[in-house]
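The values are calculated or read from the model by the stated rules, or taken from the named source; none is laboratory data. Nothing here was measured: the structure is a model prediction, and the numbers come from that model. Backbone-built Cβ (ideal geometry, glycine too); neighbour counts: all protein chains shown.
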Amino acid sequence: MKNHTKESYHHYRTGDATLEDSSTFSGVDPKSSGTLTGLTNYEIPFVHEYPQAGRSVIRKEIEIPPSSEASKVVATSMVIVEPGQHTPEYIAVIRRRLAHKLIEEIENLGKHAKREDFDVPASLVLQSIKEALQKLEAATTEGNAREVFRQLRDSMLDGRWKDYKLQAVRQVSSNILSDMGKLDRVDSSFYRDSYRKLKKAGANPRAIIQITEVAVDGED
């Protein structure tokens, strides 16, 4: 039998808290047939992150194959409840969840594309984008992701929500969010690509800056 280390990474959700659990075991493959010889060590670390203190239950099961010697199982648990102390992995989970939520909202705009008051459902999507930015504003590792959310926000400002009546704009926006919802980290090339894709589809991902000139006494 072959010794190896197996790694797995799982995300759990309890209420509004996303719980993360990473676990490893060392020894032999539990699926291997036969009986293990010698002492086998199993290490099961847990990391739980909460926006606030709360109640949660996480259950982790591992298979321990028969052994001629005792098996040693060590489980450690770390709970993080302090605001602002979340790991980049945890923040990425939040960002991916926000992205997937927005995909559904943007795709649903297609049902209202012919409505005269299309601005009503569009304004709800815009509000969700703004809320996503607020939730990620303190995340030092999500600056590029925030830029993508800003592009989507700006593409709906100043009446440009009308562009989302176009299926091409909705599809590109959804595709961008879908891709971002799969990434552990969003790099700068991603938001540059997203900008080009939005422009090509017919959206305008940049806010219009209006400058008002104020006349000074004595000047024409």
Please enumerate the residues belonging to region 142-156 that are in contact (Cβ under 8 Å) with a residue 12 or more places away in the chain and either under 15 Å from the mean Cα position of the chain (by Cα) or farther than 30 Å from residue 184 by Cβ (or both). 142, 144, 145, 146, 147, 148, 149
So residue 139 ticks every box in (1) surrounded by 14 or more Cβ atoms within 10 Å (Cβ to Cβ); (2) within 17 Å of residue 106 (Cβ to Cβ) but one. Which box is left unticked? (2)
Find all pairs meeting these conditions: Cβ atoms under 7 angstrom apart; at least six residues apart or on different chains; first residue within region 126-141 and more than 12 Å from residue 94 (Cβ to Cβ); second residue in a loop (DSSP other than H, G, I, E, B). 126/156
Within the set of pairs 6 or more residues apart or between chains, which connect a residue that is charged (D, E, K, R) inside region 73-94 to a residue that is at pLDDT below 75 and loosely packed, with under 13 Cβ neighbours inside 10 Å with Cβ atoms less than 9 Å apart? 89/9
Hits in region 180-191 (condition: in contact with an Asp or Glu (Cβ under 9 Å, 6 or more places away or on another chain) and either buried (at least 20 other Cβ atoms within 10 Å of the Cβ) or in a helix (DSSP H, G or I) (or both)): 186, 188, 190, 191
Which condition number in (1) surrounded by fewer than 14 Cβ atoms within 10 Å (Cβ to Cβ); (2) outside any loop (DSSP other than H, G, I, E, B); (3) among the acidic types (Asp, Glu) is the one that residue 147 fails? (1)
Every residue in region 162-181 that is among the β-branched types (Val, Ile, Thr) and within 18 Å of residue 192 (Cβ to Cβ), please. 172, 176
Count - residues of region 72-117 that are at pLDDT below 75, small (Gly, Ala, Ser) and not in a loop (DSSP other than H, G, I, E, B): 2
